[in-house]
Amino acid sequence: MVNILPSILNSDFWNIKETLNILNKSETKEIHIDIMDGNFVEDMAFGPKFVRTIREHTDLKLDLHLMIINPERKIEKFIEAGADSITFNVESTFNVMNIIQKVKEFNKKVGVAISPHTSISSIESILPFVDQVLVLTIKPGTSNSHIITE
């Protein structure tokens, strides 16, 4: 099954509350939130406090994509903030199974993301243990989308 989730990163941050109101009234059931640390990817975006604020304003599921170095260090903070699922880039850690187990201990969904330059064979052995795979079509942390306002 393929799921396409709206990404908060593509929102007009000046009007984030309006965006959440629209999403809350829509048929979408889940929101994608990109977390970036400025190390694994060049940009920085969002932390646990932001996730907690979003959680306070929606009952939609929150799917977090941790584009951060050593995501295992931050999993608990993001789950406490309200994440329903955690997806991490396989290239960001040496502790892939540790991350999967840690997320599962909190009874949350876990996903693995791979960058366009990463071979699918790098995740074959962990596929039985993850709930979802995010296949990136662009380099992590970049965007080729535009915000459209009416």
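The values are calculated or read from the model by the stated rules, or taken from the named source; none is laboratory data. A quick note: this is a predicted structure, and the numbers were derived from the prediction, not measured. Virtual Cβ from ideal backbone geometry, glycine too; neighbours counted across all protein chains shown. Note: areas computed on protein heavy atoms with side chains; ligands, DNA, RNA excluded. Shrake-Rupley method; radii C 1.70, N 1.55, O 1.52, S 1.80 Å.
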Square roots of five times the C-alpha gyration tensor eigenvalues of the chain, ordered largest first and given in whole Å, equal 24, 17, 15
From DSSP H assignment alone, runs of 4+ in the chain each adding -39500 (n - 2.57), the sum over residues rounded to the nearest 500 puts [θ] at 222 nm at -7000 deg cm²/dmol
Largest fluctuation, 71, 116, 128 only, Gaussian network model of the chain with Cα springs under 10 angstrom, belongs to 128
In Å², rounded to a whole number, the accessible area per residue of the chain with probe 1.4 Å is 61 Å²
Connecting every pair of Cα atoms under 10 Å apart in the chain and solving the GNM, the largest mean-square fluctuation among 76, 18, 30 falls on 18
Magnitude of the Cβ-charge dipole (Lys and Arg +1, Asp and Glu -1) of the chain about the Cα centre, nearest 20 debye, reported as 320 debye
Simple spin-label estimate for residue 52/residue 70, 7 Å along Cα→Cβ, in nm, reads 2.3 nm
The percentage of the accessible area of the chain (probe 1.4 Å, all protein chains present) made up of carbon and sulfur atoms, to the nearest whole number, is 52 percent
Expected vector for the range 53-66, Karplus 3J(HN,Hα) from phi with 6.51, -1.76, 1.60 and θ = phi - 60°, integer Hz, x for Gly and Pro, equals 5, 4, 4, 5, 10, 7, 9, 5, 5, 10, 9, 9, 9, 7
Counting only residues 5 or more apart in sequence or on a different chain, those whose built amide H sits under 5 Å from that of residue 34 are 8, 9, 65
Taking Cα atoms only, helix 96-105 is inclined relative to the longest principal axis of the chain by an angle, in degrees rounded to 10, of 60 degrees
